[in-house]
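Notes for the one structure printed next.
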Amino acid sequence: MPLSLARRALLVLAGMALSLPSIGQTVQVGEGAYFLAPKGGDKPMPPAPHRTPELLKRAAPTNQWYSTLAFADKPEAIFVQPITVKTTPAGLEFALPTKEVVPTWRRDVEIRYPHKEPLVISPVAFEPGAARLAKADDWSIGISMARGADDMQVVVARGNPYASIQLSRGDARVRLPAEGQRLHEGGDARVLALRVGSKVYALFAPTGATWDKVGATEWIARMPVGKGYLSVAALPDEQAQTLALFTRHAYAFIEQTRVQWRYDEAASTVETTFTASTKTMEGEDHGPLLGLYPHHWFQNRSLEGKLGPAFDTVRGQLRLLPAREFRTTYTYNGFVPYWPGLQDGPVADTLKDLMSRDLRNARREMLQIGRSAYWQGLGLQRTVKLADVLEQQGDLEGRDRLLDLAKKRAEEWLGGKERENYLHFDKAIGSMAMYPDEFFAVTELNDRHFWYGYWIRTAAEIGLRDPSWIAKDRWGGMIDLLVTDIANTERGQANAPFLRNFDPYEGHSWANGIGVGEFGNNNESSSEAINAWSSLILWGEITGNKALRDVGIYLRSTEIQAINHYWFNIHGLVFAPEYKNPDVSLVFGGQYQHNTWWTDEPRQITGINLLPITSAHLYLGTDPTYVKRNLAALEEEMKTYEQYGKKPRNAPPKDIWQDIFAKYMALADPEQGLKRWDRWGSVNAGDSRTHAFHFISSLQAMGTPDFGVTANTPLYSVFRKPDGQRTYLAFNAGQQPIQVRFSDGTTLAVAPRTLAQTQTKP
């Protein structure tokens, strides 16, 4: 080899050594692999240093309402509900948010409940240190503000109007944002009740403590020796009986919170039990005072006659329940992975033409936009959903071509041999990331469930036809890593936190990994969350993992309830009277708005909580009247946008995502959905013309979803036409035949790995 070529080869090898992790940093999983360090100049995931030594042994709790504590040098406010807290060098800020209505250029409003005008609680004998996350239970957290041997410990819990505080020594100081009026002064000497502006607070010190006023806006609790505890609460009103209720529960300090779920397959219900364990600091043990969200108390017969006063919050009325435990029960309305073929008439002919075109373009459209695993996930799911239709229409050769395309593309990303497309696991925080980064998915740990849901769903669809591909010694092991990353049910593990994205008490997922933002964490595309939880159900069924299937059913059923309340308000219990839109596109800890992160264009603002509409998204048709109202409002929003909006240089097509809106309408009215459908119109990157037309035409043939009939199997759907005719579908992912019984008495025999259907006459 000439010297110049030898030098060049050495330079190339040196460059490769710099850009690729060493062999010791590569972990082989079946035929796939991931890396323990990013490649080359790729950015790493962020550290989470603000945890106590015990919590540093566990995976960092990302994507939670309190994640800012673990990641931020200066943590944001935490929207606990109904209260907010914020840790600062001065101590603990504690506030009760109230509503603000903010007009926008869109001629609508945003609703905010900001963290403002807080009380500040701090030790007198020492300065609090920087806050660290000291405990993270299912819906409560502990905070340590230690400095040397001294410590100020705080515990707050979702729905709980208190913060409990323990000081290592000395008295406690309370600073007010303005001079307050003391209420009920002649009552319990331990209690300091204050009206500060329009808000009411109470502080509960131990027996033997005294409250001294120091100046106009400062109080000091003179604490008895050895009793360094107190609690502070926001009150919904200043009535004496309300203060008595809060005093009764003020000394029950929450120590642990747990959520447990149980899927009853025979009844098709999900029962969730919420339990709070407390330590009584003094007096009788009266247990905690819990605040229940609308999705907890709405139509919950077990709570009749038990609920007390209520707070107005960004999530509607938070109603108080004096109890250690309560339960919710939701109907699980299942889904099937795909729908039957449509074999007769002009519909079949149109499908044949669309299938031919989409099959030709499948490789080119596999990754239409962007470079990241999000877009590739969309392309993969698009491909396997197209394969579904081809299979049901009898084109098995075309189906196999599509499945082979999806397999090969997935293997490129999961195999660990590509420079740009690979997986990296960070041991320090217990998180998996897929490169290249986009939407801050790596640097802020965003959108894990959105991204991975597409990949898990794709693998499940492949596994239905080729079980060997998803074997653990091939590619199933890599998919299991993605499943664990977003749906780990083991608490205190180092490889992944408990239910990474999901908020068990508020009932929905969060997207931002590190808790950035003045108004707390946020979640936008609720429909992509449902796609993720549905993928867990399907993956669990196919792999025989009933525990995973059941957690998917719990997550899906619960988040649908939250969506119907907090995104769509179909029960009319949440949105403020001033809010003009029928839907919310962005839910934050302390606000909600009709907007997106990337555009002001109304079709995308509405559509982001609809896509990708598949057979797993029938819940979108829960209220047909609402569907039509939402789409009618969109037309008015487009007129406003055309008049006042700022158009980007590369404006999207005016009919962007028309396939999504046609499918959405079809869930309420198939005939109107078909009228909205344009065969040659814009199609979402996660959809195909074939799948969209098959979806709408299937609803035209079967009717709209019938949520009043359930089945004793997780993979089922029921449809009803206006004349009363019902279509029943059930899928058997197992190896043995099953007999499915529907709640109206209809039965259906289903062979292994097949979809079966039957109909009843009107």
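The values are calculated or read from the model by the stated rules, or taken from the named source; none is laboratory data. This is a predicted model, so every value here is computed, not measured. When we count neighbours, we look across all protein chains shown, and the Cβ atoms used for this are built from the backbone with ideal geometry, even at glycine.
Selection of strands (runs of 3 or more DSSP E) fully inside region 294-402 by the criterion of at least 1 residues being of a type in the set (F, W, Y) returns 310-313, 325-331. Checked against the criterion of being touching a Gly at 6+ places or on another chain (Cβ under 8 Å) and at pLDDT 95 or above, the candidates I111, I78, I165, I141 yield just one match: I78.
Hand me the list of helices (runs of 4 or more DSSP H) wholly inside region 643-703 holding 3 or more residues that are of a type in the set (A, V, I, L, M, F, W, C).
Values: elements: 658-668, 670-676, 689-702.
The qualifying helices (runs of 4 or more DSSP H) are 658-668, 689-702.
Output the number of residues of region 560-575 satisfying the condition of being touching a residue at least 24 places away in the same chain (Cβ under 8 Å), surrounded by fewer than 19 Cβ atoms within 10 Å (Cβ to Cβ) and over 19 Å from N333 (Cα atoms).
Of all residues in region 560-575, those touching a residue at least 24 places away in the same chain (Cβ under 8 Å) come to 560-568, 570-571, 573-575.
Narrowing the set further to residues that are surrounded by fewer than 19 Cβ atoms within 10 Å (Cβ to Cβ) leaves 571, 573.
When the remaining residues are screened for being over 19 Å from N333 (Cα atoms), the result is 573.
Residues flagged as touching a residue at least 24 places away in the same chain (Cβ under 8 Å), surrounded by fewer than 19 Cβ atoms within 10 Å (Cβ to Cβ) and over 19 Å from N333 (Cα atoms) within region 560-575 amount to 1.
Inside region 249-305, residues that are surrounded by fewer than 18 Cβ atoms within 10 Å (Cβ to Cβ) and among the aliphatic types (A, V, I, L, M) make up a count of 2. Does at least one position in region 477-484 carry a residue that is part of a helix (DSSP H, G or I), in contact with a His (Cβ under 7 Å, 6 or more places away or on another chain), among the hydrophobic types (A, V, I, L, M, F, W, C) and crowded, with 24+ Cβ neighbours inside 10 Å? No, that holds for no residue. Before we move on, is Q368 surrounded by fewer than 19 Cβ atoms within 10 Å (Cβ to Cβ) and either touching a residue at least 24 places away in the same chain (Cβ under 8 Å) or hydroxyl-bearing (S, T, Y) (or both)? Here the answer is yes, as Q368 does meet what is asked. Among the residues of this structure, Q757 does not count as one that is assigned to a strand (DSSP E or B) and without any contact (Cβ under 8 Å) to a residue 12 or more places away in the chain.
Can you confirm whether Y566 is hydroxyl-bearing (S, T, Y) and under 18 Å from the mean Cα position of the chain (by Cα)?
Numbers: hydroxyl-bearing (S, T, Y): yes; under 18 Å from the mean Cα position of the chain (by Cα): yes.
In short, yes.
Results for (1) charged (D, E, K, R); (2) within 27 Å of G708 (Cβ to Cβ); (3) not in a helix (DSSP H, G or I), shown as yes or no for each residue.
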residue: V551; (1), (2), (3): no, yes, no
residue: Y554; (1), (2), (3): no, yes, no
residue: E559; (1), (2), (3): yes, yes, no
residue: H565; (1), (2), (3): no, yes, no
residue: F575; (1), (2), (3): no, yes, yes
residue: V587; (1), (2), (3): no, no, yes
residue: N595; (1), (2), (3): no, no, yes
residue: N609; (1), (2), (3): no, yes, yes
residue: A616; (1), (2), (3): no, yes, yes
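If you go through region 165-189, how many residues are part of a loop (DSSP other than H, G, I, E, B) and free of Cβ contacts under 8 Å to residues at least 40 places away in the same chain? Walk me through how you get there before you give the answer.
Pass one, region 165-189, residues part of a loop (DSSP other than H, G, I, E, B): 168-171, 176-180, 184-189.
Keeping just the survivors that are free of Cβ contacts under 8 Å to residues at least 40 places away in the same chain gives 179-180, 185-186, 189.
The number of residues fulfilling the criteria is 5.
Within region 238-270, take every residue that is of a type in the set (G, A, S) and not in a loop (DSSP other than H, G, I, E, B) and give me the one that is farthest from H508 (Cα to Cα). Even if it seems obvious, please write down each step before you answer.
Keep residues of region 238-270 that are of a type in the set (G, A, S), which gives 240, 244, 250, 252, 266-268.
Those still in the list that are not in a loop (DSSP other than H, G, I, E, B) too: 240, 244, 252.
On the way: A240: 35, A244: 33, A252: 27 Å.
Filtering region 238-270 for residues that are of a type in the set (G, A, S) and not in a loop (DSSP other than H, G, I, E, B), the one farthest from H508 (Cα to Cα) comes out as A240.
Here is a yes/no grid of residues against (1) within 21 Å of the chain's Cα centre (by Cα); (2) assigned to a loop (DSSP other than H, G, I, E, B); (3) more than 18 Å from E444 (Cα to Cα); (4) at pLDDT 95 or above:
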residue: P44; (1), (2), (3), (4): no, yes, no, yes
residue: W65; (1), (2), (3), (4): yes, yes, no, yes
residue: K74; (1), (2), (3), (4): no, yes, no, yes
residue: K86; (1), (2), (3), (4): no, no, yes, yes
